[in-house]
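Below is one structure; the comments refer to it alone.
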Amino acid sequence: MKRLFLTVVAVLSMTMAFAENEKLNNTESTNAYNMAVNYGKLAESLGLSIDQAEAVQDIHTSFCADMMNAAGANADEREAMVKKAVEKDLKYMRTVLTEEQYRSYLRLLNATFMNRGLIK
């Protein structure tokens, strides 16, 4: 009886340790998909006008929501959702930004994705 009790306690302890580690990994994964930025700094680094800054903020807010939806999706669907979100973001940004600003935005977005491990 004592062995059975100790075995059950050991199994439950291992299960709890595994569940805690998985929760930590999910949190880190979700944080990687959080694309929130300081819009003032983004506008300054891209040299945006006031109208452009407002449009970029609206577009990027939508992009952030799409990325957080991707973070919560199944692993099978996640890559397609991220790709769709990025394509939509870049399509809208292209209409708002000048060619030079767009290239700078691409560099910033690419660096962000690489730093967060979202692209290899």
Based on the mean of other Cβ atoms within 10 Å per residue, sort peptides 51-59, 94-102 so the most packed one is first.
51-59, 94-102
Say R0 is 30 Å: what FRET efficiency, to the nearest 0.05, do ILE50 and PHE113 get from their beta-carbon distance?
0.60
Could you work out how much longer the chain between GLU87 and GLU100 gets when fully extended? Use 0.36 nm per residue separation minus the Cα distance between them, nm to one decimal.
2.8 nm
Once the Cα gyration tensor of region 26-102 is diagonalised, semi-axes √(5λ) in Å:
25, 14, 9
Could you work out the mean projected area of the convex hull around the alpha carbons of region 74-120, in square nanometres to one decimal?
3.5 nm²
Can you work out the Karplus-derived ³J(HN,Hα) for every residue in region 52-58? Use 6.51 cos²θ - 1.76 cosθ + 1.60 with θ = phi - 60°, whole Hz, and x for glycine or proline.
5, 4, 5, 5, 5, 4, 4
1.4 Å probe accessible area per residue over region 33-110, in Å²:
62 Å²
Spacing of the two label points (7 Å from each Cα toward its C-beta) at ASP76 and TYR39, in nm
3.8 nm
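The values are calculated or read from the model by the stated rules, or taken from the named source; none is laboratory data. For clarity, every value in this text was computed on a predicted model and none was experimentally measured. Heads up, the Cβs are rebuilt from the backbone with ideal geometry, glycines too, and the neighbour counts pull from every protein chain shown. Keep in mind that these areas ignore ligands, DNA and RNA; they rest on the heavy atoms of the full protein, side chains included. Shrake-Rupley method; radii C 1.70, N 1.55, O 1.52, S 1.80 Å.
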